[in-house]
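The values are calculated or read from the model by the stated rules, or taken from the named source; none is laboratory data. None of the values given here were measured: they were computed from a predicted structure. In this analysis, Cβ positions are derived from the backbone assuming ideal geometry, glycine residues included, and neighbour counts consider all displayed protein chains. Only protein heavy atoms, including side chains, enter the accessible area calculation; ligands, DNA and RNA are left aside. Shrake-Rupley method; radii C 1.70, N 1.55, O 1.52, S 1.80 Å.
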Amino acid sequence: MNRRPRRNRKSQAIRNMVEETSVSVKDLIFPMFLIEGQGKKIEVNSMPGIFRFSIDALLKEIESCMKLGIEAIDVFPAYPEQLKNATATESYNPDTFYLKGLREIKKEFPEICLMSDVAMDPYSSDGHDGLVKDGKILNDETLEILGKMALAQAEAGVDILGPSDMMDGRVGYIRQLLDENGFSETSIMSYTAKYASAFYGPFRDALDSAPKFGDKKTYQMNPSNSREALIEGELDLMEGADFLMVKPALAYLDIIQLLNTTYPLPIAAYNVSGEYSMLKASVEKGWLENDRAMIEMLTSIKRAGAKVILSYFAKEFALLKR
Ligand code: PBG
């Protein structure tokens, strides 16, 4: 035997030397939930360890994350039902708690990379990502609302906008509007290949944003398809996206790899709520080891080709690496 692959595994020092992929805290974006009010920190039932914070508590939490080396966050608002309506007008009300919160975050931490979603669902009384008419989700008619939302968020200081509704023509429309209004430096991370997945359940609990009727299959992708992701990637690239995102991550590692080998843009992957909760539930039962499984999950996503990972594990991972 002149080939013995085990020689490269014989000590920690050699294993470290030949290690191809390692996740850094700098690769991560931490998704966080903002609620209205003061002095609130409420755990999400289906996501142990993840909280919905009012702005005062969120600012403290962000500070502690930054001390651990986290440089990027994605903030989602959880709106009470009475502030939602069919046209999501609250999404661009300059006095709404979410936009005020984004401004405060950027004022307090100007160096942070702040991301936000551009889609109607957190503000929609229908719980859908677009305007609804006769049970159909409208494509083009929704653009005007998304445009107002995008400008309001850019104005509030957001660094990366994430058009997340998986409908057509979003990136080009938002890019042009941003440029015309003096926001040529605001980036776009497109939810390029976002699948109609069962793994978003806990997130919809966190936001109370589950669709009031039907599902999202006429806009989010069919989990069976990969070639369609190439069309989405090409459009986003041409329309001016700065990052292409795949979502969820773990059941779609092949899609991450496909986009990474096809397009020269950095690929992001969203390690979604269900992927987080699945591990937490097993850990509560004593069936899996939290830290090892978490590192293995994040490493697999990076190994597949994601340069950026949005993950609810970000803070825990950063604590572990400290
Ligand atoms: C909606 C949106 C969703 C997530 C991020 N943005 C859910 C959905 O499409 O219903 C899910 C994130 C997660 O599950 O962690 N625009």
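When ligands, DNA and RNA are left out and all protein chains stay put, how many square angstrom of accessible area per residue does the chain have with a 1.4 Å probe? Intermediate results must be reported in sequence, preceding the final value.
Values: 15050 Å² over 322 residues.
Roughly 47 Å² per residue, with all protein chains present.
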**Report entry** Calculated SAXS-style log₁₀ I(q)/I(0) at q = 0.15, 0.21, 0.26 Å⁻¹ - the stretch 243-317, Debye, Cα scatterers
**Finding:** -0.47, -0.84, -1.15
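I'd like the projected area of the chain, averaged over all directions, using the convex hull of its alpha carbons. Report it in nm² with one decimal.
Numbers: hull surface 73.7 nm².
The number I arrive at for the chain is 18.4 nm².
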**Report entry** q = 0.24, 0.27, 0.28 Å⁻¹, the stretch 102-169: log10 I(q)/I(0) [Debye, one scatterer per Cα]
**Finding:** -1.00, -1.16, -1.22
Requested in this report: Using only the Cα atoms of the stretch 2-78, each taken as one equal point scatterer with no solvent, compute I(q) by the Debye sum, divide by I(0), and report log10 of the ratio at q = 0.25, 0.26 Å⁻¹.
Outcome: -1.17, -1.22
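State the extension gain, in nm to one decimal, for the chain segment bounded by residue 321 and residue 208, taking 0.36 nm per residue of separation less the distance between their alpha-carbons.
So the extension gain works out to 37.4 nm.
Students often get this wrong, so check it: of 100/285; 106/307; 106/217; 26/212; 26/217, which have C-alpha atoms separated by over 31 Å? Let's see the in-between values first.
Working: 100/285 40 Å; 106/307 24 Å; 106/217 35 Å; 26/212 37 Å; 26/217 34 Å.
Among 100/285; 106/307; 106/217; 26/212; 26/217, the Cα-Cα distance tops 31 Å for 100/285; 106/217; 26/212; 26/217.
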**Report entry** Net dipole in debye of the chain [+1 Lys, Arg Cβ; -1 Asp, Glu Cβ; about Cα centre; nearest 20]
**Finding:** 1940 debye
Query raised in the report: Looking only at 233, 69, 39, which one moves most when the chain is put into a Gaussian network model with springs between Cα atoms under 10 Å?
Result: 39
Query - Shape metrics for the stretch 172-322, restricted to C-alpha atoms - Rg then Dmax, Å - result: 16.6, 55
Query - Share of pairwise Cα separations in the stretch 171-252, more than 17 Å, in percent - result: 56 percent
Query raised in the report: Can you work out D for the stretch 136-219 in µm² s⁻¹ from Stokes-Einstein, where Rh is the Kirkwood radius over C-alpha pairs, the temperature is 10 °C and the viscosity is 1.306 mPa s?
Result: 113 µm²/s
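Using the 2.2 N^0.38 Å rule of thumb for compact globular proteins, work out how the stretch 107-252 stacks up: its C-alpha Rg over that value, please. Don't skip to the end; give the middle numbers.
Numbers: Rg = 15.0 Å, N = 146, 2.2 N^0.38 = 14.6 Å.
Here the answer is 1.03, to two decimals.
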Report summary line: Taking Cα atoms only, helix 170-180 is inclined relative to the longest principal axis of the chain by an angle, in degrees rounded to 10, of 70 degrees
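Quick check for me: using +1 on Lys/Arg Cβ and -1 on Asp/Glu Cβ, what's the dipole size of the stretch 164-322 about its Cα centre, in debye to the nearest 20? Each step should come with its number before you reach the end.
On the way: 18 positive and 21 negative charges, 110 e Å.
That gives the stretch 164-322 a dipole magnitude of about 520 debye.
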Report task. Please provide three numbers in whole Å: the alpha-carbon extents of the stretch 31-72 along the principal axes, with the largest listed first. Result -> 26, 23, 12
Report summary line: Of the accessible area of the chain, computed with a 1.4 Å probe and all protein chains kept, carbon and sulfur make up a percent value of 50 percent
Query raised in the report: Can you give the alpha-carbon Rg of the stretch 1-147 over 2.2 N^0.38 Å, where N counts its residues?
Result: 1.47
**Report entry** All-pairs Cα distance distribution in the stretch 42-107, expressed in whole percent, bin size 10 Å
**Finding:** 17, 46, 31, 6, 0
Query raised in the report: So how much accessible area does residue 29 have, in Å² to the nearest 10, using a 1.4 Å probe?
Result: 10 Å²
Report task. For residue 216, go through the lysines and keep the ones whose alpha-carbon is under 16 Å away, minus same-chain ones fewer than eight residues off. Result -> 133, 136, 194, 247
**Report entry** the stretch 210-255, Cα convex hull volume normalised per residue, Å³
**Finding:** 111 Å³
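Could you work out the local net charge near residue 31, counting Lys and Arg as +1, Asp and Glu as -1, over the other residues with Cβ closer than 11 Å to its Cβ? Before the final figure, lay out each step's value.
Details: positive: 315; negative: 74, 117.
Residues close to residue 31 contribute a combined charge of -1.
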Report task. Mind grabbing the accessible area of residue 51 for me, 1.4 Å probe, Å², rounded to tens? Result -> 60 Å²
Requested in this report: Round to the nearest 10 and give me the degree value, 0 to 90, for the angle of helix 273-284's Cα axis relative to the longest principal axis of the chain.
Outcome: 50 degrees
**Report entry** Most fluctuating residue given options 61, 185, 155, as computed from a GNM of the chain linking Cα atoms under 10 Å
**Finding:** 185
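Any idea what the dipole of the stretch 109-172 comes to, in debye rounded to 20, about its Cα centre with Lys/Arg Cβ at +1 and Asp/Glu Cβ at -1? Could you put the intermediate results ahead of the total?
On the way: 4 positive and 13 negative charges, 12 e Å.
Dipole about the Cα centre, nearest 20: 60 debye.
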Query raised in the report: Can you give the angle from 0 to 90° between the axis of helix 143-155 and the longest principal axis of the chain, with both taken from C-alpha atoms, to the nearest 10?
Result: 70 degrees
Query raised in the report: What are the residues whose amide H is under 5 Å from the amide H of residue 137, where those residues sit 5 or more places off or on another chain and H is modelled from the backbone?
Result: none
